[in-house]
Structures are given as structure tokens and as C-alpha cells.
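Engineer: Quick one: the structure is below, and I'll ask about it shortly.
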Amino acid sequence: MKTHDYLEAKQYVITCISPVYIGSGEVLKQWDYIYNKNKGIIYFLDKPQWIDLLSSRGLMEEFIEFVGRPGKLTSMNIPKWLTDRKISWEEIKSRASRVVAAPRSVMYDEKKKDTLNDLQKGITLADGRLYIPGSSVKGMLRTGILYKYLKEHPDLRRRLAADVKRALENVAKTQQQKERKRLKKDVKRALENVAKTLENEVNTLAYTGSGAAKSSLKGLLVSDAMPTEKASSVVAVRRDASTLKERNGEIQLGGMPICCECLAPDTEYSLTVTMDKRMMAEMGIGSLDEIMASAREYLRETVAIQQPVFGRDYSRQFKEAETADFILGGGTGFHHTSLWMFLFDDREEAMRLLRDYLEIACKKHHHRDLDREISPRTLKLVESGSGLQLMGLCSIREAD
């Protein structure tokens, strides 16, 4: 640990307990990568080199026709098409920008054995390795800090809760479609204003002399988390466990049609976190240890909301969550990214109002009618070949 007057800095290691997805925004179609099902690996194609290979064999036009044929996507088998034309796996490998593990259980839908999915790519360094942007880690720490602040300032919490309730009531009062549309935006704005109010109205530090005001959260600096020797990636698929039961009584388990490239379980990433103690003191925080503790407590509380509903069916997954310090990345669900449940003194009222909000935000999902035990009625899981896990579980420790 280093302490220089008003600064505190520590080096940490993040360990991924379950797959963590941080997307680049790029989505690959099934002709943008080649899957070797025998080895359980994907070759991400280097497009210029791939085009060069097909062109040199006189196959470019035939390949375009093959992948573009109407109805072909449901039965397309690109590896077979290539091997039938004497293109070897070694040649495919030599035209790949990188290689990623991808278990067959993830890549294929059980009902459509040889149909591949679109694939969301993870964010990478220039050399192709996945990493964790500092903004993602800071966002997670920020949520924990705001959660702590809400708990310690009940008057502010109730004021923000009243704003949300008022916006919901205004929508319920009007029947005019145009007016309801405008008021729905007010509901969303009220929810977004929770964090904005905490940052802009309350957690500011006025510098003596300059008269400038600055958000206290700017006193927290987080570097990118860089991959260590233990870092690797894996293709995973998101699953939604629902409180709605199948006819045989089993819990419904849906799968997203898009796979994602994730930081693999049991991999490590190193980073540095620096805190300006003068600025963070405005929020009642005196050390980095307190920040990590707030993030850990936020995870415990959000898991505690879901465990009574899903814990019986997914006891192993919730047991694994006890070893985590926070949840990171995309696809982790509403409760892990929202301060909603901690705005209201009454947990039952919070859940009822949440159903009302989700009914307004996405009416076609019938939240008011179907979200009986919990809202939203889903648990965000991920499958990467070693069983279902809660999405995005991570632990953090000080570096040796």
C-alpha cells in the first residue's frame, strides 16, 4: 500500500469466479468465425487474410453465394463446406486473428444441432487479449458507494423514493396516449436521477480559492485491469431462469440466441485503484478498504433479494456467490445494476412499485400479472461448459 498525504493507492487482483462479459459492441455472424466442434474452439477470422485465401482458391464468389442463400442459415455447415473444397484446419488456423475456447454444449442449440448463433465479441487489447476497462470496475465501485450513501442518509433516500412514486402515479392517472408517453419518460428520468442527484447535488467538493465544484467520485481513479498469465477467454451463453414453471413443475430456463465472448472462470486481472481522501471524505469514506466493503455489502444485499425465490433450485450457484466480492459486466440483471430496492423503507412496496415501473417500461412482458414472487421474474445465469453459474461473479484481493 502507498499513502502520499491525501492520496491512497493500492494494487489489486480481480479473479473471475464465473464468466464475465464486457462487450466491444461487435457481433459476429456465423460466417465470420469458424467453429471446430471436435476441439471445442473458435477461430476468429482475420478478414483480409481470409478473403485472400478464398480468392486465391477461386472460392470467393461461391462462398458469398453459399452464406447468402435464403433459408441457408438454419442448416449452414461452413467447416464441411471448406473441407469439401480441400481447405484444411491448419490453413483456417493460420488465417485466424485469435483462438477461443467454445464447448459444444454452448455453441449448439439442442433442437438445432448444427446451427451456430451470432456471437458478441468481448473488448480486447491490440494483441487480442480480453481485459477489463477501468470504467467498468469504477462503475461497480460507484454503485457500492452510492448504496452506502443511501443507507446512511434516510431523508435523501425518502425524497428520491417520493420522486419515483410521484412519476409512477402521474402515469397511472392519465388515459391519454400522448400524455402517457411523455410521463413514461418522466418515470425513467426519475430513476436515472437517483444516481445523478447523489453525484451532482450532494456529493460535491467545493475547492477553496478557485470556487470550482467537482464530483467527489472524481476522486476515485481506477486503471484498466490487465490480463495476467492466468487470463483467458471462453465463449458462453446467457440463460434466464424464470419463476414461471414448466408443465412438469420444473423451473423454466431460457437461452439467449446470442453467445458472448467472456473472461473465463478462474482467470486473473491486475489493476491499480487510487483515492483522493479529501474528496471521498465528502461521502463519508476514509479508505479504499471501505469502498471494497461497500461493493461487497451491495452484492450480499442484492443476492439476498433473489435467493429466497431461486435458492432452492440453484443452491450451488448461490453458494458460489458467497465467495464473490462483486458482480461485473453485462447481462447481470436489473437487481445488480439498480439501486431501486434500496430507495424504499418497505421491501414489499419496493417490489410492487418495481412491477409498476417495468409494466410501463416493457408492457409486453406482463410484469404486473406474472411477477408474483419477484420482479423481474428472472435470474441471470451463464453456461460456459462447466455448469450454470450466476453471471459476472468476481473476487478482489490486494496484490502480493
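The values are calculated or read from the model by the stated rules, or taken from the named source; none is laboratory data. Computed from a prediction, not measured in an experiment: that's the story for all the values here. Glycine also receives a Cβ, built like all others from the backbone with ideal geometry; neighbour counts cover every protein chain displayed. The protein model used for the area step is the full one, side chains on, heavy atoms only, and it has no ligands, DNA or RNA in it. Shrake-Rupley method; radii C 1.70, N 1.55, O 1.52, S 1.80 Å.
Engineer: Checking a compactness column here: for region 357-400, what do you get for Rg(Cα) / (2.2 N^0.38 Å), N being the number of residues?
Structural biologist: Taking the Cα Rg and dividing by 2.2 N^0.38 Å, one obtains 1.78.
Engineer: For a label point 7 Å from the Cα of Glu348 along Cα→C-beta, name the residues of region 142-173 whose backbone N is under 19 Å from it.
Structural biologist: Nothing falls inside the zone, counting backbone N under 19 Å.
Engineer: Let me ask something else. Tell me the accessible surface of Tyr21 in square angstrom (1.4 angstrom probe, heavy atoms of protein chains only), to the nearest ten.
Structural biologist: 30
Engineer: Post the alpha-carbon centroid distance, region 153-169 to region 333-361, in whole angstrom.
Structural biologist: First find each Cα centre; the distance between them is then 12 Å.
Engineer: Would you please classify the overall shape of region 244-386 from the alpha carbon gyration tensor, given that a ≥ b ≥ c denote the square roots of the eigenvalues, rounded means a/c under 1.5, and beyond that prolate means a/b larger than b/c while oblate covers the rest?
Structural biologist: The shape class here is oblate.
Engineer: Can you return the aspartates and glutamates within cross-link range of Lys151? Criterion is Cα-Cα under 16 Å, with same-chain partners fewer than 8 residues away left out.
Structural biologist: Of all the aspartates and glutamates, those that pass the test against Lys151 - Cα under 16 Å, at least 8 places apart if same chain - are Glu199, Glu282, Glu290, Glu297, Glu301, Asp345, Asp346.
Engineer: Could you order Glu359, Glu349, Glu90, Glu297 by accessible surface area, starting with the largest, using a probe radius of 1.4 Å?
Structural biologist: Heavy-atom accessible area, descending, gives Glu90, Glu297, Glu349, Glu359.
Engineer: When the solvent-accessible surface of protein heavy atoms is calculated with a 1.4 angstrom probe, in what order do Lys380, Lys47 fall, highest first?
Structural biologist: Lys47, Lys380
Engineer: Around Ser233, which amide H atoms from residues at least 5 apart in sequence, or from another chain, sit under 5 Å from its own amide H, with H modelled in the peptide plane?
Structural biologist: Residues meeting the criterion, in which the H sits 1.01 Å from N, are Ala101, Ala264.
Engineer: Compute the whole-percent fraction of alpha carbon pairs in region 321-366 spaced more than 17 Å apart.
Structural biologist: Percentage above 17 Å: 47.
Engineer: Kirkwood Rh, Cα Rg: Rg to Rh for region 318-400?
Structural biologist: Radius of gyration relative to Kirkwood radius: 1.05.
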